[in-house]
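Q: For reference, the structure I am asking about is given below.
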Amino acid sequence: MSLIKSISGIRGTIGGFPGDNLTPVDIVECTAAFGHWILETGKKPSVVIGRDARISGNLVQTLVAQTLVAQGFHVMDLGLSTTPTVEMAVTDLNASAGIIITASHNPIQWNALKFLNDKGEFISAEDGRQILDTIDRKTYKFQTVENLGYISYPENTLENHIDKILELPLVNVAAIKSRQFKIVVDPVNSTGSLALGALLNKLGCNFSMINDDLSGKFAHNPEPLPEHLTQLSEMVVSENADMGITVDPDVDRLAFINEDGSMFGEEYTLVAVADYVLSKKGGNTVSNLSSTRALKDVTEKHGHSYFAAAVGEVNVVSKMKEVNAMIGGEGNGGIILPELHYGRDALVGVALFLSLLAERNVSMSSLKGSYPAYEMAKSKIELVPGMNVLELLDRVRNAFKNEKINDIDGVKIDFASGWVHLRQSNTEPIIRLYAEATDKEEVKRLCSLVENVIQQ
């Protein structure tokens, strides 16, 4: 069991002892510290909250809401929602901040609080450090009974989110409707069933859903990776569908299945959407260091520049603003379209992807075949007591000092034939090892080179 307090929020497994796991005590103190941070900035006491459908969500949300009420806040409770919907609601409802209650792709025993600023974007590292300091020093306080806050329940926030997507000039609603796509959707028994169903209905698609009961009892590991999507793949083939669509529990990651049941590849979700956006309006792109080189290739094909950021949505967004990127995101299926908002959004990703497919009038597999082909490997190294991560990364850095090294986030080694990126996760007690090359054997070889150094 585990508890991780970081600059982006708090994440852990439900149950156990305070300070070791995500318990009611930890939830209250972290919420109170966030509330204290908002009040210290001089902003009005108003916060938007929303959650995915995981089993512990109602418990956590109740604790969060009532803690903020005890601090005198107006809490705007969206209930079951999506991460991008909560992000957009912060500005739409003129709130001072937001809290998303979701552990994203983590398994069922996990939950988390993700903190948003008044722009509906993830808080900065500096703001996160201030909140962590408040947790440690316990300098937050609560209101007397005369000054308690209250809870309201805004309506139609998801509908407003979808309507804004459909109003985007880049979304070709007419072309999508004319194609009458046949789609199988797997929202993994979470809020994607509400969001994707509403979106696809308005786009005139013919769709069926699996794992859509909102129970939070994930039918499979909720991370949208090929090994977890066999049921969806089989359904796409058996129903003779044009594609399969899946999202993670909070609907900020997006992956597709080809018409033949093969994987389009979550790394290529951003590649395809960027290709479409850049074909309509020029501009730079950004992804994180662990994302495929194919985005760089596609961006340069359109005559523009690609930039890499440290892993983490807040880092990608910061780089996007710095270079005025037209589109960006992460290779985990996260699409960020600044024209809508600065946050990963699977719903706008679906609308843009369907626009691309409809306008080009091609199959999923044909579209995938039009992009540069890379093979990627993603693995994890479990952190054990006594493991010195900094020492391990230094050993890797020194072993490959003659290669091109980027160490803004862990260590990324660019070889002539591919790359390997090694970094400590911000959300799990692991080290992530990603690698990419033009064929599987070369990926294995590059991984082995780095793993041999790690095991020394």
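The values are calculated or read from the model by the stated rules, or taken from the named source; none is laboratory data. Bear in mind the structure is a predicted one, so any value in this text is a computation, not a measurement. Please note: Cβ atoms are built from the backbone with ideal geometry, for glycine as well, and neighbour counts cover all protein chains shown.
Q: Can you name the number of the only condition in (1) modelled with pLDDT of 95 or more; (2) under 30 Å from Gly204 (Cβ atoms); (3) crowded, with 22+ Cβ neighbours inside 10 Å that Val317 fails?
A: Single failed check for Val317: (2).
Q: Looking at Ala103, Ala95, which is the one that is closer than 23 Å to Thr41 by Cα and assigned to a loop (DSSP other than H, G, I, E, B)?
A: Result of the check over Ala103, Ala95: Ala95.
Q: Still on this structure, I have one more. Counting residues that are of a type in the set (S, T, N, Q), which strands (runs of 3 or more DSSP E) fully inside the range 1-55 reach at least 2?
A: Per the criteria, no element qualifies.
Q: When you scan the range 347-456 for helices (runs of 4 or more DSSP H) that lie fully inside it, which ones turn up with 2 or more residues that are farther than 30 Å from Ala195 by Cα?
A: Of the helices (runs of 4 or more DSSP H) lying wholly inside the range 347-456, those with at least 2 residues that are farther than 30 Å from Ala195 by Cα span 389-399, 440-454.
Q: Does at least one position in the range 74-87 carry a residue that is small (Gly, Ala, Ser), part of a helix (DSSP H, G or I), farther than 25 Å from Gly312 by Cα and touching a Phe, Trp or Tyr at 6+ places or on another chain (Cβ under 9 Å)?
A: The answer is no, given that none of the residues of the range 74-87 is small (Gly, Ala, Ser), part of a helix (DSSP H, G or I), farther than 25 Å from Gly312 by Cα and touching a Phe, Trp or Tyr at 6+ places or on another chain (Cβ under 9 Å).
Q: I'm checking my understanding of the structure. Among residues of the range 290-314 that are under 20 Å from the mean Cα position of the chain (by Cα) and surrounded by 23 or more Cβ atoms within 10 Å (Cβ to Cβ), which one is nearest to Ile336 (Cα to Cα)?
A: Residue satisfying both the conditions and the ranking: Glu313.
Q: How many residues, within the range 385-436, are hydroxyl-bearing (Ser, Thr, Tyr) and surrounded by fewer than 14 Cβ atoms within 10 Å (Cβ to Cβ)?
A: The qualifying residues number 1.
Q: Follow-up question, since we're still on this one. Any residue at all in the range 112-126 that is in a helix (DSSP H, G or I), outside the structural domain of Glu339 (by TED's automatic domain parsing) and either more than 23 Å from Ile14 (Cβ to Cβ) or of a type in the set (Val, Ile, Thr) (or both)?
A: Yes: the range 112-126 contains one or more residues that are in a helix (DSSP H, G or I), outside the structural domain of Glu339 (by TED's automatic domain parsing) and either more than 23 Å from Ile14 (Cβ to Cβ) or of a type in the set (Val, Ile, Thr) (or both).
Q: Under the condition of being touching a Phe, Trp or Tyr at 6+ places or on another chain (Cβ under 8 Å) and over 26 Å from Phe142 (Cα atoms), which residue from the range 88-120 is surrounded by the fewest Cβ atoms within 10 Å (Cβ to Cβ)?
A: Of everything passing the filter in the range 88-120, Pro107 is surrounded by the fewest Cβ atoms within 10 Å (Cβ to Cβ).
Q: Continuing with this model, one more query. Taking the options Thr134, Thr139, name whichever one is assigned to a helix (DSSP H, G or I) and in contact (Cβ under 8 Å) with a residue 40 or more places away in the chain.
A: Thr134
Q: I need a count of the residues in the range 364-384 that are closer than 19 Å to Val298 by Cβ and either surrounded by 17 or more Cβ atoms within 10 Å (Cβ to Cβ) or touching a residue at least 60 places away in the same chain (Cβ under 8 Å) (or both).
A: Here the count works out to 10.
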